[in-house]
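Every number here is computed from the coordinates shown, using simple stated rules; none is lab data. Note that this is a predicted model, so its numbers are computed, not measured. In this analysis, Cβ positions are derived from the backbone assuming ideal geometry, glycine residues included, and neighbour counts consider all displayed protein chains.
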Amino acid sequence: MNKEKYHIEFVMGNASQNSLWRMISQVGGLSEWFADDVVFNESENTYTFTWGKTDSQAKVQNLKPLSAIRFRWLDEDDEDAYFEFALHKLDLSGEMALEITDFAEPGEKSDSSSLWEQQVGEMKRKLGV
């Protein structure tokens, strides 16, 4: 069964676009909130994310500097699935927002969203938001 795409948006308060970009696109930033350890292989344009003793590799599919980065897990069977971090400024408040696009099995969207909420909560804590 194909996974279903979903979006989740987080208001990031007074965090700057540059600091958010660092957190979603650079090894040092990603290792502060997304994974225990992150290694970038420049020649293959792949990131290796480590959680405990588990490693997963992702390749950057699309990059818009200071705006969006899309990753695709190398071991993902669903060819349409990816996860993406996108930044934009909210019109009314002027605050930055982080939109995450991800894919999940139909019955697992709630669990997946909860995991993102936990992880972004950690990012906010690191940024002092």
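Worth pointing out:
- Single condition Arg22 does not satisfy, out of (1) over 26 Å from Ser110 (Cα atoms); (2) touching a residue at least 12 places away in the same chain (Cβ under 8 Å): (2)
- Qualifying residue in the range 80-96 (condition: touching a Gly at 6+ places or on another chain (Cβ under 7 Å) and not small (Gly, Ala, Ser)): yes
- The C-beta contact set for the range 74-93 (first residue within 13 Å of Ala58 (Cα to Cα), second residue in a loop (DSSP other than H, G, I, E, B), distance under 6 angstrom, 6+ apart or interchain) comprises Ala81/Lys3.
- Selection within the range 20-44: residues that are within 14 Å of the chain's Cα centre (by Cα) and of a type in the set (Gly, Ala, Ser). The member of this set that is surrounded by the fewest Cβ atoms within 10 Å (Cβ to Cβ) is Gly28.
- Which listed residue is surrounded by fewer than 16 Cβ atoms within 10 Å (Cβ to Cβ), of a type in the set (A, V, I, L, M) and on the phi > 0 side of the Ramachandran plot, from Leu74, Leu66: Leu66
- The range 46-55: number of residues that are out of contact with any helix residue (DSSP H, G or I) (no Cβ under 8 Å at 6 or more places or on another chain) and either basic (Lys, Arg) or surrounded by 12 or more Cβ atoms within 10 Å (Cβ to Cβ) (or both): 5
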